[in-house]
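Here's the structure, in structure tokens; my notes come after.
The values are calculated or read from the model by the stated rules, or taken from the named source; none is laboratory data. Keep in mind it's a predicted model, so treat the numbers as computed, not measured. Cβ placement follows ideal geometry from the backbone for every residue including glycine, while neighbour counts extend to all protein chains displayed.
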Amino acid sequence: MASDLESNPTLPKEAHTDHNDTPKSQQPSIINEKPTVTRGYDLPFWHKSIILFIVSWMTLAVTFNSTSLLPATPEIATRFNTTEELLNVINAGVLLAMGFSSLIWGPMSRLVGRRISYNIAVLVLCGCSAGTAAAINLPMFTAFRILGGLTGTSFMVMGQTILADIYEPVVRGTAVGFFMVGTVAGPAIGPCFGGIIVTFASWRIIFWVQVAMTGFGLILSLIFVPEIPSADAKIITTATATTTPTMKETTLRILAAFNPIHIVRLLIYPNIFLACITCGFLSTFQYAILTSARSIFNPRFHLTTALVSGLFYLAPGAGFLVGSILGGRLSDRTVRNYIKKRNGTRLPQDRLNSGLGTLFFVLPAAALVYGWTLQEEKGGMVVPIIAAFFGGVGLMGTFNGLNTYAAGVFLSIIGGVLVVTITRKGLDMQRWVERRWGEA
């Protein structure tokens, strides 16, 4: 598996423009002041592997942050003299904040660079975890939880964009598969560790563990993650190379960068809209499994402790891990097969074919068995656990192709660093290739 990532095959003809060819001499001064590379693909294998570990580790930290409290909800409710229902509403608010986080960190990466914005996000999450651990009342607890949630998707979005900058398309799916190990391991080990901690110690220890995790990730990021030039560097350079912007121009540029219309209007493209809808349904199923343990699984099998219910999360978590890695391998294999069929031409949507089996067969079957056995009280404890495992496999096997496709079809937009004009040109290029292939 490592040999796949280390190999540097001749790149096929692309259906969109490569963005890693920006000469170092053309980069703006703000990038030259930071550790930079002229081309991400040329980084040595060991450096790519460390970057892959770092971005995967940070997704582990943020998903651990959002799920580790699930087994500790009754204890936290008792401490703050509130109800479990209110804490669930707060947790929903954290997820909502995670959804809006791309409106903050996408423009931020365009203004100050991906490396600086990534490290700021890590620092904010670390500080909010410490604040939550030291919370003395419910308002303080809620405020730091919501603020921490505002960093959520930044690690997933910027992490995937970083990987797209350093890995060639024909091995990118495998890299994304390993990257998503962190994303899916958090929901698996988070509740399990949370259950163990809350059984033998205070729930506050959960957040101090998060402080240690994010602090470790920040140190590694500062040392090993460079500023990798992207298409956005060219845009900024051409606009600022000859003249120094005035204060008014700088202010307008900042306001324009944070304009949410640039992100929302992308939904007019059917491929982006349908990919978002599909990911939304997949996330709904994922959190339906993760939140059903103490409310459905425990009463069904008369489980009474957070430790025992936390162990249940190992089943879907193992499925997430297996599905993520296998999905990445299958995704790359599918891309290579289509490249051979087209005599070297690669289209981003080829990757979506790798997830059809898991989306339409494995995932629905697992969800049906899981829900039916719990509702009808059939099959004992083993059957829903096995169904949860295969549900995790189907979920992440589908997620991998969708995520890698999004990073390939609109690479810079997913990081919030490309204007809509360039987006339309890229889409026109894709359609041109499709027409030429159809005529052939």
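Miscellaneous remarks
- Unmet criterion (only one of (1) under 24 Å from the mean Cα position of the chain (by Cα); (2) aromatic (Phe, Trp, Tyr); (3) at pLDDT 80 or above) for Phe301: (1)
- Within segment 92-103, the set of residues being buried (at least 19 other Cβ atoms within 10 Å of the Cβ) and assigned to a helix (DSSP H, G or I) comprises Val94, Ala97, Met98, Ser102.
- The lone exception for Ile136 - which of (1) farther than 20 Å from Leu95 by Cβ; (2) touching a residue at least 40 places away in the same chain (Cβ under 8 Å) it fails: (2)
- The condition of being part of a helix (DSSP H, G or I) and more than 30 Å from Ala256 (Cβ to Cβ) holds for only one of Thr73, Thr59, that being Thr73.
- Residue list for segment 170-196, filter: aliphatic (A, V, I, L, M), closer than 21 Å to Ala318 by Cβ and more than 14 Å from the chain's Cα centre (by Cα): Ala188, Ile189, Ile196
- Taken residue by residue, segment 206-216 has no member that is more than 30 Å from the chain's Cα centre (by Cα), within 24 Å of Leu103 (Cβ to Cβ) and either at pLDDT below 95 or outside any helix (DSSP H, G or I) (or both).
- Residue identified as more than 18 Å from Val171 (Cβ to Cβ), of a type in the set (A, V, I, L, M) and either under 18 Å from the mean Cα position of the chain (by Cα) or in a helix (DSSP H, G or I) (or both) among Val362, Val335: Val362
- Picking from residues in segment 217-262 that are at pLDDT 75 or above and in a loop (DSSP other than H, G, I, E, B), the one that is farthest from Ala130 (Cα to Cα) is Thr246.
- Residue tally, condition among the hydroxyl-bearing types (Ser, Thr, Tyr) and buried (at least 19 other Cβ atoms within 10 Å of the Cβ), over segment 187-232: 3
- Every listed requirement among (1) within 24 Å of Leu69 (Cα to Cα); (2) at pLDDT 90 or above; (3) surrounded by fewer than 22 Cβ atoms within 10 Å (Cβ to Cβ); (4) within 18 Å of the chain's Cα centre (by Cα) is met by Asn119 save one, (1).
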